[in-house]
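Undergrad: If you scroll down you'll find the structure; I have some questions about it.
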Amino acid sequence: MKERTLLVVVLVTALLVVAGIWVAQNVNLMPAEASTRAALVDQLFRAMLGLAAVIFLLVEGLLLFSVLRFRQPRGDDGDALPVHGNRALEIVWTLIPALIVIVIGFYSFRVLAASEIREENPLVVNVRSRQFAWTFEYPGTSVISSDLHLPVGRQVRFLITSDDVIHSFWVPEFRVKRDATPGQMAELLVTPTREGTYPVRCAELCGVGHAAMGLSSRVIVESDEAFQAWLTQAAALPADPIEAGRTLFKRYGCPACHALADAGAAGVVGPALDSLADPNGPHAHAHGGMDIRALVEQSVLDPSAAIAPGFADGLMPKDFGTRIPANELAILVDYLVAQK
Ligand code: HEC
Ligand SMILES: [Cu+2]
């Protein structure tokens, strides 16, 4: 009976150890591995989980075995044998955990060192955080974006800071997390390895909108061609509507013919476009009861519809309607109407 109990407990313990190793190696609860770091970190994580599973099951198994094997027999009310301790056992169960901790320490250090190897010509992205949004700036371009576009396979050097309180830049799929601290610039190197769209989260409780910081921005890892195309298109349109309008005003060549103080334009072929919305200003001629937005839009799409007094018809290009997409036209019109 006693030998059988022992056999069963040993078998069950061995089974649980094997099960622990299998779970640690085969059950993946982690998000997708989307960076070179992710693969390294997951290997380390699996090794630690495997070790922990084996130790847990071994200790609990031995405990269970002892409870069953050495439990007090029925009717035995005597004391247990006095035991003084066991020096060999003490040394063994101190040395083994110490060794495990040292090995994991070295392994972790190697993973960290391997993740921070600098590659040549990284893409620099400035990460700015504020309550409660992320913005990503691409130095050398005018691009400021709330979505983080990255080309696959090229190392990215993030320079992370905050405009107000402490936030934490966290992309679970990259297995990275770095504090964004006001007045400081933190560096983080990441090489994306997998195309896809992933969330950007904030890992530092930063105020009532903290959770929203995980909803507003995405990481979009794409091919280099797609990234370059996005960069070119995004370069034209800053996030701020006034800046975007100014950019479009210049991009479509309006300064060649129009003066506009805000855009530093001094063209004289057409009327100056400052204070378009002022009912008593120089553009009062055209208002005639028309909504000012509709009027400006009409002036751009169909310049001949109403001719500004003192200026000639037929000079302003008539093809802006086909060249300027509707969303950009709306931004441009809003910008012009907002000028004082
Ligand atoms: C080649 C010169 C030329 C270019 C380029 C040009 N315009 Fe004009 N624009 C004119 C002239 C000339 C007029 C006055 C005649 C008229 O009203 O059609 C005018 C009129 C206007 C008016 C009406 C002003 C008023 O007092 O009623 C608006 C608004 C305007 N342009 C906006 C633009 C915008 C925006 C762009 C760029 C997308 C642009 N123009 C590009 C020559 C130009
Ligand atoms: Cu935050």
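The values are calculated or read from the model by the stated rules, or taken from the named source; none is laboratory data. It should be emphasised that the depicted structure is a prediction, and the values quoted were computed from it without experimental measurement. All Cβ positions, glycine included, derive from the backbone under ideal geometry; neighbour counts span all protein chains shown. Only protein heavy atoms, including side chains, enter the accessible area calculation; ligands, DNA and RNA are left aside. Shrake-Rupley method; radii C 1.70, N 1.55, O 1.52, S 1.80 Å.
Undergrad: Amide H of ASP274 versus every other amide H placed in the peptide plane: which residues, excluding those fewer than 5 positions away on the same chain, fall under 5 Å?
TA: Here ALA261 satisfy the definition.
Undergrad: Once the dipole of the range 123-235 is set up with Lys and Arg at +1 and Asp and Glu at -1 on Cβ about the Cα centre, which of VAL124, VAL208, ILE220 lies farthest towards its positive end?
TA: VAL208
Undergrad: Rounding to the nearest 20 debye, state how big the charge dipole of the chain is about its Cα centre with +1 on each Lys and Arg Cβ and -1 on each Asp and Glu Cβ.
TA: It comes to approximately 1220 debye.
Undergrad: Another question, if that's okay. Is the shape of the range 241-338 best called rounded, prolate or oblate, per the rule: a/c under 1.5 gives rounded, else a/b larger than b/c gives prolate, else oblate, with a ≥ b ≥ c the square roots of the Cα gyration tensor eigenvalues?
TA: Because its axes are fairly even, with a/c under 1.5, the range 241-338 counts as rounded.
Undergrad: Go ahead and run the numbers for FRET between ASP240 and ALA19, Cβ-Cβ distance against an R0 of 51 Å, rounding to 0.05.
TA: 0.35
Undergrad: Follow-up question, since we're still on this one. Can you work out the FRET efficiency for the pair GLU137 and SER275, with r the C-beta to C-beta distance and R0 = 25 Å, to the nearest 0.05?
TA: 0.15
Undergrad: With label points built 7 Å along Cα→Cβ from the Cα atoms of PHE56 and LEU112, find their separation and express it in nm.
TA: 2.5 nm
Undergrad: Let me ask something else. Go ahead and collect, in residue order, the members of the range 170-188 whose backbone nitrogen is under 11 Å from a label point 7 Å along the Cα-Cβ direction of ASP42.
TA: Of the residues in the range 170-188, 173-175 have backbone N under 11 Å from the label point off ASP42.
Undergrad: Around VAL156, which amide H atoms from residues at least 5 apart in sequence, or from another chain, sit under 5 Å from its own amide H, with H modelled in the peptide plane?
TA: Those lying under 5 Å, H to H, from VAL156 are LEU123, VAL190, THR191.
Undergrad: Ranked highest first by the average count of other Cβ atoms within 10 Å around their residues, in what order do 157-167, 24-34, 95-105 fall?
TA: Highest mean packing first, the order is 157-167, 24-34, 95-105.
Undergrad: Report for the chain the percent antiparallel among DSSP-assigned beta bridges with both residues inside it, nearest 5.
TA: The antiparallel proportion sits near 70 percent.
Undergrad: State to the nearest 20 debye the size of the charge dipole of the range 241-338 about its Cα centre, where the only charges are +1 on K and R beta carbons and -1 on D and E beta carbons.
TA: Dipole about the Cα centre, nearest 20: 240 debye.
Undergrad: May I pose another question? Quick one: pull the percent of accessible area on the chain belonging to carbon and sulfur, 1.4 Å probe, ligands and nucleic acids left out.
TA: 63 percent
Undergrad: Only Cα pairs within less than 10 Å get springs; with that Gaussian network setup on the chain, which residue of VAL18, VAL125, VAL41 has the largest fluctuation?
TA: VAL18
Undergrad: If you don't mind, there's one more thing I want to ask. Find the centroid of the Cα atoms in the range 152-204 and in the range 288-337, then give the distance between the two in whole Å.
TA: Answer, in whole Å: 43.
Undergrad: DSSP loop (so not H, G, I, E, B), at most 14 other Cβ within 10 Å: list which GluC sites (Glu not before Pro) in the range 104-180 pass both filters.
TA: Sparse-neighbourhood loop GluC sites (Glu not before Pro): GLU116, GLU119, GLU120.
Undergrad: Which ³J(HN,Hα) values in Hz, rounded to whole numbers, follow from the phi angles of the range 5-20 under the Karplus curve 6.51 cos²θ - 1.76 cosθ + 1.60, where θ = phi - 60° and Gly and Pro get x?
TA: 4, 4, 4, 4, 5, 4, 4, 4, 4, 4, 4, 5, 4, 4, 4, x
Undergrad: Still on this structure, I have one more. When only DSSP loop residues count, what trypsin sites (Lys or Arg not before Pro) in the range 117-152 have their Cβ near at most 12 other Cβ atoms within 10 Å?
TA: Sites meeting the loop and neighbour criteria: ARG118.
Undergrad: May I ask you to give the solvent-accessible area per residue for the range 106-199, in square angstrom, as obtained with a 1.4 angstrom probe?
TA: 48 Å²
Undergrad: While we're here: Over 39 Å apart: what share of the alpha carbon pairs of the chain falls there, rounded to a whole percent?
TA: Here the tail beyond 39 Å accounts for 47 percent of pairs.
Undergrad: Please list, ordered by chain and number, the residues whose modelled amide H lies under 5 Å from the amide H of SER168; skip anything fewer than 5 residues away on the same chain.
TA: Placed amide hydrogens put ALA180, ALA203, GLU204 under 5 Å from SER168.
Undergrad: Which value, in Å² and to the nearest 10, is the accessible area of THR191 when all protein chains are kept and the probe is 1.4 Å?
TA: 10 Å²
Undergrad: Next up: Go through the range 99-108 residue by residue and turn each phi into a ³J(HN,Hα) via Karplus (6.51, -1.76, 1.60, θ = phi - 60°); whole Hz please, and just put x for glycine and proline.
TA: Those phi angles translate into 4, 4, 5, 5, 4, 5, x, 5, 4, 4 Hz.
Undergrad: Checking the cross-link filter: which aspartates and glutamates have an alpha carbon closer than 18 Å to that of LYS2, excluding same-chain neighbours under 8 positions apart?
TA: ASP76
Undergrad: Accessible area per residue, 1.4 Å probe, Å², for the range 241-338: what's the number?
TA: On a per-residue basis, 51 Å².
Undergrad: Accessible area, 1.4 Å probe, largest first: how do ASP334, ASP274 sort?
TA: Sorted descending by solvent-accessible area, the residues read ASP334, ASP274.
Undergrad: Let me ask another. Report the full-extension gain for the segment SER304 to ILE102: residue separation times 0.36 nm, less the Cα-Cα distance, to one decimal in nm.
TA: Working it through step by step, the gained length comes to 64.6 nm.
Undergrad: Hey, another quick one. What is the spin-label model distance, in nm, from GLU119 to ARG74 if the labels are put 7 Å beyond Cα along the C-beta direction?
TA: 7.1 nm
Undergrad: Here is a further query. Using only the heavy atoms of the protein chains and a 1.4 Å probe, how would CYS206, CYS257 rank by accessible area, largest first?
TA: If we order CYS206, CYS257 from most to least accessible, we get CYS257, CYS206.
Undergrad: Placing +1 on the Cβ of each Lys and Arg and -1 on the Cβ of each Asp and Glu in the chain, which of SER108, ALA305, ALA180 has its Cα farthest towards the positive end of the resulting dipole?
TA: The one lying farthest along the dipole's positive direction is SER108.
Undergrad: Label points 7 Å out from Cα along the Cβ direction at LEU64 and VAL165: separation in nm?
TA: With each label point 7 Å from Cα toward Cβ, the separation is 4.6 nm.
Undergrad: Local charge sum around TRP170 (other residues, Cβ-Cβ under 11 Å, Lys/Arg +1, Asp/Glu -1)?
TA: +1
Undergrad: In straight Cα distance, which lysines are under 27 Å from LYS318, not counting same-chain residues fewer than 8 positions off?
TA: Qualifying lysines at Cα under 27 Å: LYS250, LYS340.
Undergrad: Then there is this: LYS318: accessible area at probe 1.4 Å, nearest 10 Å²?
TA: 110 Å²
Undergrad: Among the chymotrypsin sites (Phe, Trp or Tyr not before Pro) in the range 164-205, which ones are in a DSSP loop with at most 15 other Cβ atoms within 10 Å of the Cβ? Mind listing them?
TA: none
Undergrad: Right, here's the next one. Show me, for the range 306-313, the HN-Hα J-couplings you get by feeding each phi into the Karplus relation (A = 6.51, B = -1.76, C = 1.60, θ = phi - 60°), rounded to Hz, glycine and proline as x.
TA: 9, 9, 5, x, x, 10, 8, 6
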